[in-house]
Amino acid sequence: NAGVTQTPKFRVLKTGQSMTLLCAQDMNHEYMYWYRQDPGMGLRLIHYSVGEGTTAKGEVPDGYNVSRLKKQNFLLGLESAAPSQTSVYFCASSSLFGGLEGYTFGSGTRLTVV
Amino acid sequence: AQSVTQLDSQVPVFEEAPVELRCNYSSSVSVYLFWYVQYPNQGLQLLLKYLSGSTLVESINGFEAEFNKSQTSFHLRKPSVHISDTAEYFCAVQKGSYIPTFGRGTSLIVHP
């Protein structure tokens, strides 16, 4: 049982390039979330999804897009990367909205934009 | 919106010493409270949570936290830490069915 798998684990982008981060969960969780983690800032919610085909904005959505075409996958896209998007990105999933039972997190994607 | 304050960004302690990581939140009628732990180069893992009932909750590895409604706090404690407890600890607060708000994290550094 893999839980939540994020790919890639590391990536370096040049300013203006685009990329997609993939999050896959095998727990049949309805709810999925994308967070970014920056030093001294904790975790900030980028986007989330309450089910297949639905997405919603979180606290810091600008510069990101998401899609949930399949229940098990939640994609995070950067259309035109900026240095301010250098961060560690975490995907999480839960069976209850907001993770009342506790989120299951992936191991993260470390993105550097130069 | 809820706010969460973790008062210490870094807490250095010696092995086998007690430790307390502080967490305060903005008041609300009812909240759910969580502590997550993040070991180096890993994702966050749920350490313990308070939903209702006994105000003292415990984890399997010796940590405990007490919900104090009057002081709006949920401090994390351990009577004797190990080197392996070195990690980042995040407090999170959830109001009802809303998405939780995370604190900025406290880095626990255990020295031999």
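The values are calculated or read from the model by the stated rules, or taken from the named source; none is laboratory data. Every value quoted in this text rests on a predicted model; they were computed, and no experiment measured them. Positions of Cβ are backbone-derived with ideal geometry, glycine not excepted, and every protein chain shown enters the neighbour counts.
Listed by position, the strands (runs of 3 or more DSSP E) enclosed by segment A:1-70 that each have at least 3 residues that are over 27 Å from B:SER3 (Cβ atoms) are A:4-7, A:10-13, A:19-25. Within segment A:76-100, the set of residues being within 10 Å of another protein chain (Cβ to nearest Cβ) and either assigned to a loop (DSSP other than H, G, I, E, B) or of a type in the set (Phe, Trp, Tyr) (or both) comprises A:PHE90, A:LEU96, A:PHE97, A:GLY98, A:GLY99, A:LEU100.
Quick check on segment B:95-108. Is at least one of its residues away from chain A (no Cβ under 11 Å) and either of a type outside the set (A, V, I, L, M) or assigned to a loop (DSSP other than H, G, I, E, B) (or both)? Taking every residue of segment B:95-108 in turn, none turns out to be away from chain A (no Cβ under 11 Å) and either of a type outside the set (A, V, I, L, M) or assigned to a loop (DSSP other than H, G, I, E, B) (or both).
With respect to (1) more than 14 Å from chain B (Cβ to nearest Cβ); (2) in contact (Cβ under 8 Å) with a residue 12 or more places away in the chain; (3) under 22 Å from A:MET19 (Cβ atoms), the lone exception for A:ASP62 is condition (2).
For segment B:79-97, a residue qualifies if it is surrounded by fewer than 21 Cβ atoms within 10 Å (Cβ to Cβ) and either more than 24 Å from A:SER93 (Cβ to Cβ) or without any contact (Cβ under 8 Å) to a residue 12 or more places away in the chain (or both), and the qualifying residues are B:PRO79, B:SER80, B:HIS82, B:ILE83, B:SER84, B:ASP85, B:THR86, B:SER97.
When we screen B:SER73, B:SER26 for residues that are closer than 28 Å to A:HIS47 by Cβ and more than 14 Å from every other protein chain (Cβ to nearest Cβ), the only hit is B:SER26. A:GLN37: closer than 30 Å to B:GLN10 by Cβ, at pLDDT 95 or above and buried (at least 16 other Cβ atoms within 10 Å of the Cβ), yes or no? Judged against the criteria, A:GLN37 is not a match.
The residue that is surrounded by the fewest Cβ atoms within 10 Å (Cβ to Cβ), among those in segment A:101-110 that are in a strand (DSSP E or B) and out of contact with any Gly (no Cβ under 6 Å at 6 or more places or on another chain), is A:ARG110. Taking segment B:41-80 as the range and being touching a Leu at 6+ places or on another chain (Cβ under 9 Å), modelled with pLDDT of 95 or more and either closer than 30 Å to A:PRO8 by Cβ or not in a strand (DSSP E or B) (or both) as the test, the residues that pass are B:LEU47, B:PHE63.
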